[in-house]
Each structure stands twice: as C-alpha cells, then as structure tokens.
1. How many of the residues in the stretch 220-243 are farther than 12 Å from Met266 by Cβ and surrounded by 15 or more Cβ atoms within 10 Å (Cβ to Cβ)?
2. Restricting to the stretch 158-184, count the residues that are among the hydroxyl-bearing types (Ser, Thr, Tyr) and in a helix (DSSP H, G or I).
3. Could you list all residues from the stretch 118-148 that are over 22 Å from Asp41 (Cα atoms) and either outside any helix (DSSP H, G or I) or of a type in the set (Ser, Thr, Tyr) (or both)?
4. Given Ala257, Ala247, Ala214, which one is assigned to a helix (DSSP H, G or I) and more than 21 Å from Val160 (Cα to Cα)?
5. Filter the stretch 125-169 for residues that are under 26 Å from Ala247 (Cβ atoms) and of a type in the set (S, T, N, Q); which is most open to solvent (accessible area, probe 1.4 Å)?
6. Which condition breaks for Asp172 when tested against (1) open to solvent by less than 20 Å² (accessible area, probe 1.4 Å); (2) touching a residue at least 60 places away in the same chain (Cβ under 8 Å)?
7. Give Gly133, Gly142 a once-over and let me know the one that is touching a helix residue (DSSP H, G or I) at 6+ places or on another chain (Cβ under 7 Å) and at pLDDT 95 or above.
8. Hey, can you tell me all the residues within the stretch 223-255 that are among the charged types (D, E, K, R) and farther than 21 Å from Asp175 by Cα?
Amino acid sequence: GVRPVWNTETRRVVGLEPVPLEELGRPRIDVAVRISGFFRDAFPALVTLLDDAVALVAGLDEPVERNFVRKHALADRDRLVAELGEDAAWRRATTRIFGAKPGAYGAGLIALLETGSWHDDADLAAVYEAWGGHAYGRGLDGVPARDAMREQFARIDVAVKNVDNREHDVLDSSDYFAEHGGMVAYVRHVAGRDPKAMIGDSADPERVHARSLAEESRRVFRSRVANPRWIASMMRHGYKGAFELSATVDYLFGYDATTGVVEDWMYETLTEKYVL
C-alpha cells in the first residue's frame with residue numbers, strides 16, 4: 001500500500017506516499033523481507049526506503065483491521081515497551097528486513113544439505129535463523145535480531161520468491177532453495193504450520209504470473225530438467241554439462257528437503273533419464 005514519489009527530471013525516487021485505502025481496495029499487508037547479501041551491499045538506499053515504507057504505514061492513523069502493519073506494530077510495542085522503553089520498542093516493532101550479518105552471504109543451508117548434517121526442520125531453522133537473524137534499516141545496519149526475526153516470520157502465511165528473468169529458474173541455482181525453501185522450513189518450524197509457498201514470475205512485466213511452488217517445480221521439471229533437448233545440449237558440453245546435470249539434481253533435492261515439493265515421479269524420471 002505504498003508507492004514511490006519520483007522526481008520527473010532526474011527520474012529518481014525522492015520519497016514515499018501511502019496509497020489511500022479507498023484506492024487500494026484491500027487492507028495493507030504486513031510483509032517481512034529476507035534480503036540477500038548482494039542486495040544489502042549493492043542497494044543500501046533501497047533497504048532504507050523499504051524500512052521507511054514500513055515505518056510510514058505503521059504510523060498511519062487507520063483502523064487496525066485495514067492496516068495489519070500497524071496492528072502488529074502496536075501489539076509488539078505494547079508487549080515490549082516495559083522491557084525496552086518506548087523508542088526501542090517501536091523500532092523493534094517496525095523491523096521487517098532481515099539478512100546475513102555484514103560481510104556474510106547466503107542462508108547457510110547449502111553446506112548443511114551437502115554434508116547431510118541435519119535431521120529435521122529444527123536443524124534447518126536453527127541455521128537459517130543464525131545466518132539470517134540480523135536486522136537492516138534506518139539505524140540498524142545488520143544488528144543481531146534473532147528474536148525479532150522469529151516473531152515476524154511466525155506470522156507469515158505466504159512465502160514468496162520473485163523471479164524476474166529467464167536466465168535462471170528455481171532448479172538452476174542453490175540460492176532459490178536456500179533462501180526461499182529455507183524460509184518455508186523456518187516458518188513451518190517457528191509457526192507450527194506450512195506457509196503457502198509461491199513463485200512470482202515477472203520476467204515479462206506485461207504478463208506477470210503467480211504460481212505455487214509445486215506448480216512452478218512441475219513446470220520447470222518438464223520444460224527443462226527432463227527435456228531431452230536440454231539434456232542433449234548439456235552432454236555436448238562435456239564435464240561442464242555433467243556438472244549442470246548434477247547440480248540440478250542437488251537443487252531439486254534442496255527444495256525437497258526444505259519444502260517437500262518434489263514428487264516421486266520426478267525422482268523416477270530423473271533416474272530413468274539421467275542414470276539408466
């Protein structure tokens with residue numbers, strides 16, 4: 001429910017403004033963000049802008065049933081004010097951006113799955129929180145914030161990863177299952193329920209799609225992973241193509257370990273096409 005204010009001459013964002021509830025046509029949704037280390041390093045101004053958007057919405061004089069950011073921020077402030085004081089409680093209550101500590105990258109799950117040194121969601125969640133439990137925003141800059149992260153992620157109903165290009169897909173990089181799959185596993189552990197896992201596809205801005213992770217996994221599996229033309233093209237590249245085939249299996253397993261999204265027929269198809 002917030003949009004940027006642009007300077008038309010410089011084409012730069014110079015501020016933020018709330019979209020009126022009448023125009024928005026729905027309540028304001030509370031969103032927690034897990035940013036990458038690359039985003040943190042490359043776009044610090046945007047991190048601040050996102051944080052300012054949360055503070056702006058939380059401070060609006062609106063009915064809480066139409067503004068869930070404000071509803072949750074007020075509840076958290078009232079719960080924390082005796083312990084932290086007014087200002088610190090409000091800062092904690094409006095913290096929504098989390099990531100790896102300054103200088104660190106990733107979600108920690110890749111090495112965990114590669115070594116097999118995990119047993120259940122509790123292990124995945126512990127690593128995801130240890131790596132991602134640092135808060136960003138105005139005046140924060142990566143301070144330890146595991147408690148705040150746990151509180152905000154326990155509220156998540158929908159875990160979304162957006163894909164904005166056709167150069168990669170969700171089974172083409174370990175970052176997807178580590179960041180998105182890790183979020184799903186973490187929410188499942190701290191909230192005691194599965195969030196709805198969604199993939200936003202904005203590769204073509206004129207035709208934006210939202211698919212469930214299960215739908216997207218089946219789409220990518222059929223169109224690329226099990227596609228004879230793609231497999232043949234990888235084989236033509238020798239050892240590098242073999243690496244891509246092997247990595248795809250690893251990434252598929254990573255999403256299965258964190259979300260349970262991979263179906264038996266996919267493993268059977270992989271065995272038939274890759275091994276047999």
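The values are calculated or read from the model by the stated rules, or taken from the named source; none is laboratory data. Everything numeric here is computed off the predicted structure, so don't read it as measured data. Note that each Cβ is placed from the backbone with ideal geometry, even for glycine, and that neighbours are counted across all protein chains shown. In case anyone asks, the SASA skips ligands and DNA or RNA and just uses the protein heavy atoms, side chains included. Shrake-Rupley method; radii C 1.70, N 1.55, O 1.52, S 1.80 Å.
1. Selection size over the stretch 220-243: 5.
2. Filtering the stretch 158-184 for residues among the hydroxyl-bearing types (Ser, Thr, Tyr) gives 173-174, 176.
If we keep only those that are in a helix (DSSP H, G or I) as well, we get 174, 176.
Number of matching residues: 2.
3. Within the stretch 118-148, Trp118, His119, Asp120 meet the criteria.
4. Values: Ala257 fails: more than 21 Å from Val160 (Cα to Cα); Ala214 fails: more than 21 Å from Val160 (Cα to Cα).
None of the other options fit; the residue is Ala247.
5. Taking the candidates together, the pick is Asn162.
6. Against the list (1) open to solvent by less than 20 Å² (accessible area, probe 1.4 Å); (2) touching a residue at least 60 places away in the same chain (Cβ under 8 Å), Asp172 comes up short only on (1).
7. Gly133
8. Those that are among the charged types (D, E, K, R) and farther than 21 Å from Asp175 by Cα: Arg229, Arg236.
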